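Down below is the structure, laid out as structure tokens.
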Amino acid sequence: MEKILLAMDGSKQNTYAIDFACYLAKLTQSRLTGVFLEGTSDERMQGFLGVDEPEGVEEMTNGLRAADPVLQHVHRFREACLCREVPAKVHRDRGVPVGDILLESRFSDLIVVDPETSFRSVDKSFPGRFIREVLLAAECPVVVSPYRFEGLDEVIFTYNGISSSVFAIKQFTYLLPEFRQKKAVVVNVRNGEEVVIEEQYRMKEWMSAHYDEVEFVVLKGEASDELFGYLLDRKNAIVVLGAYGRGILSRFLKPSHASLLLRTINLPIFIAHR
């Protein structure tokens, strides 16, 4: 992986999201591009401006930063990356935020988003429309950052044997081979169905070729409920949503469930779809 985007509201800054994005960038030796979205969703589509900040932005005067609050956030982002020895780049996008980030996603390997990002003061839903649209339409995998981050010790894959679940697992594995030495947990929820022995054998064979420690967990019951209950007790893990993950994703896209899901679990969520 070479290019990670961190999508940010230009008027706000989330240090936890920056910490998590820097962790991924340093782990993978990737460049982290901070995308500062400065438009509002009520503006007309102005197209992608994508103006890079000059390399000397850190030398600008304090007076200029005070005049442009976004420059303050750009400066803090660059400082955070410098302290963590992460190569950084900045895009200031001034069009419609959703359109801007979807275009950026076409030419990126991974996007990190803060689940609280919103560009409509009248949009009281959580997550807001911006996050929902990015998750559904991004042209590269998306990671929803946690509220607090202390490190990652394991990867939790959701799996049920069909192609879409395997696709998500492969996307994560190919993009982040650095997790090979982390514990990999494959969670399979069966609603009264028996696990096919041949299928299980092939999955174990593939996973063992890519991860040093693999554990398989079979849960019985309704998929999204069982997964939610299982994830409640997990810490320092990243969740990869496959086919059964759609149930969790569906909850995430419903404001009535999303706040509880994200704040209670507090795990980064990797989402990939075709």
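The values are calculated or read from the model by the stated rules, or taken from the named source; none is laboratory data. It should be emphasised that the depicted structure is a prediction, and the values quoted were computed from it without experimental measurement. Here Cβ is always computed from backbone atoms with ideal geometry, including for glycine, and neighbour counts include all displayed protein chains. Keep in mind that these areas ignore ligands, DNA and RNA; they rest on the heavy atoms of the full protein, side chains included. Shrake-Rupley method; radii C 1.70, N 1.55, O 1.52, S 1.80 Å.
Quick one: which of Arg92, Arg78, Arg120 is modelled with pLDDT under 85 and in the same structural domain as Ile18 (by TED's automatic domain parsing)?
Arg120
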ask   = Hey, among the residues in segment 1-36 that are assigned to a loop (DSSP other than H, G, I, E, B) and in contact with a helix residue (DSSP H, G or I) (Cβ under 7 Å, 6 or more places away or on another chain), which one's most open to solvent (accessible area, probe 1.4 Å)?
value = Ser11
task = Identify the single condition in (1) under 24 Å from the mean Cα position of the chain (by Cα); (2) farther than 24 Å from Leu152 by Cα that Ile197 does not satisfy, given that it satisfies every other one.
result = (1)
ask   = Do we find that Gly39 is modelled with pLDDT of 50 or more and more than 21 Å from Glu79 (Cβ to Cβ) in this structure?
value = yes
